[in-house]
Every structure is written in C-alpha cells, then in structure tokens.
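Visitor: I'd like to ask you about the structure that follows.
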Amino acid sequence: MPSIKITSFADLDVLVQSIQASAHRTIRSMRDILANETDSLQVLRLMKFSGIGYHPTEDRALNIIEQINQTFTYMTSAEAARWILQQHPQLQGLRLNLGTHRGFDIESLEPDLVVAEVFAATHPHSNDKVRKDVKRLVEQAPGVPHRYVFFSCPEFKTLSRQAAFERDGVEVWSLPGERLLKATP
C-alpha cells in the first residue's frame, strides 16, 4: 500500500471512514456466514484462512484476522496523526506509512521534523514492541527533534504520556481505544 498524505483533520476523517466501511462489509459477510454455517470450527477456519474480510483502505479481500490487526493499527495511526497535527500546527502535513510501506509509521512532510512508530496490541510489552520501537527511533532518527511512539492497549484508558517507557528523548503516548472510533473533535 502506498503512503497516505494527511494535511488536515478532514483527511483523517476520510481515512477513518474508509476503515469503517471495510469493517461494515466484513460484518455483513459474517452475518451471511453465521446464518448458513452451523459448524463453529468451520466459521473460525473461514475467518482465519479465507478472504471474507476486507482490507481497511483498499478494495480487496483479506482474511478477518489480518483485517482486525490492520484495522486497529490504522485507527491508532490516524489518532496519533490527529494528536501530532494538534501539537504541531505549523506542520505542512504528515505521511502515514501503513502496512508494509518503508519508513517510519508517521513522518512529517517536512524532512526530519517529526517521526513516530505506532501499534495496537493487548499490552505494550507484547512482542517487546514498545521497547523495540523506542530503540528504532533512538538509533535511526537521532537528529529528529520530535520522536514519538504511540500505542493503543486495553488497559490504558486515557490519553497519557508513558514516561516509564521513554529514553533518549523519544516520547511514548498511550491512546485509549475508545478514542479510535471517533471523528474529529
């Protein structure tokens, strides 16, 4: 997937609407399957291995497990981008490198001003993700003045800075899951 250029809150709303539309398509597919399939293991197999889900931002089939993972990472990225635009109104915009696109997850359009890594998980220590993301920013973006790691995990219910995870000038912020489903405030 190519990167997405975000220059306004309206751009973020369009992204969120696209993600929501793919979720609606998948739920319609699941309703059809559940209405016709009585074997629970078969339903789970279909969810994991078949293309009954939809990519969050592209018009193509995807297995539901991957859709779920991408959906919440993309939603967390959108919320992180919203926070960055609010905190840095002087920015010309952001580039969101979603999926397997090269680069940091979020980069300012102005080179080397803002970079961020983003993830959604059950816990910030899952797969040692928060530590690895902080380390990546420390090592690969040492001269960038604004470096962030954003995460969304169920136990973190408020937007708050997580200083215990920080090092070498990289700020870490938790984004509450409930905020991920909201449009521009």
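The values are calculated or read from the model by the stated rules, or taken from the named source; none is laboratory data. This is a predicted model, so every value here is computed, not measured. Please note that ligands, DNA and RNA were not included when accessible areas were found on the heavy atoms of the full protein model with its side chains. Shrake-Rupley method; radii C 1.70, N 1.55, O 1.52, S 1.80 Å.
Visitor: Note the count of lysine pairs whose C-alpha atoms are less than 24 angstrom apart in region 33-185, limited to pairs 8 or more residues apart or on different chains. Display every interim value, and only then the final one.
Guide: Numbers: Lys48/Lys129; Lys129/Lys157; Lys132/Lys157; Lys157/Lys182.
The result is 4.
Visitor: Continuing with this model, one more query. Among DSSP beta bridges lying fully in the chain, give the percent that are antiparallel, nearest 5. List each step's numbers first, then the result.
Guide: On the way: 13 of 25 bridges.
Beta bridges within the chain, antiparallel portion: roughly 50 percent.
Visitor: Now a separate question. Would you list the P(r) distribution for region 16-67, with all Cα-Cα distances sorted into 5 Å bins from 0 and each bin expressed as a whole %?
Guide: 5, 24, 30, 22, 12, 6, 1
Visitor: Normalise the Debye intensity by I(0) for the chain, one equal point scatterer per Cα, no solvent, then take log10 at q = 0.15 Å⁻¹ and round to two decimals.
Guide: -0.88
Visitor: Would you mind checking the tilt of helix 9-36 against the longest principal axis of the Cα atoms of the chain, expressed as 0 to 90 degrees and rounded to 10?
Guide: Rounded to the nearest ten degrees, it is 20.
Visitor: What relative contact order, as a whole-number percentage, does the chain give when Cα pairs under 8 Å and 6 or more residues apart are counted?
Guide: On the way: 315 pairs, mean separation 34.2, N = 185.
Contact order relative to length: 18 percent.
Visitor: Okay, next question. Please determine, in degrees from 0 to 90 and to the nearest 10, the orientation of helix 40-49 with respect to the longest principal axis defined by the Cα atoms of the chain, where the helix direction is its Cα long axis.
Guide: With rounding to tens, the tilt is 50 degrees.
Visitor: When the accessible area of region 6-157 is computed with all protein chains present and a 1.4 Å probe, what percentage of it is carbon and sulfur?
Guide: Numbers: 4060 of 7710 Å².
Result for region 6-157: 53 percent of the exposed heavy-atom area is carbon or sulfur.
Visitor: From the helices alone, meaning DSSP H stretches of at least four residues, give me the mean residue ellipticity at 222 nm for the chain, per-run term -39500 (n - 2.57), in deg cm²/dmol to the nearest 500. List each step's numbers first, then the result.
Guide: Values: 4 runs with 74 residues, N = 185.
The helix-only estimate for the chain comes to -13500 deg cm²/dmol at 222 nm.
Visitor: For region 44-185, what does the accessible surface come to per residue with a 1.4 Å probe? Please give it in Å².
Guide: On the way: 6960 Å² over 142 residues.
On a per-residue basis, region 44-185 sits at 49 Å².
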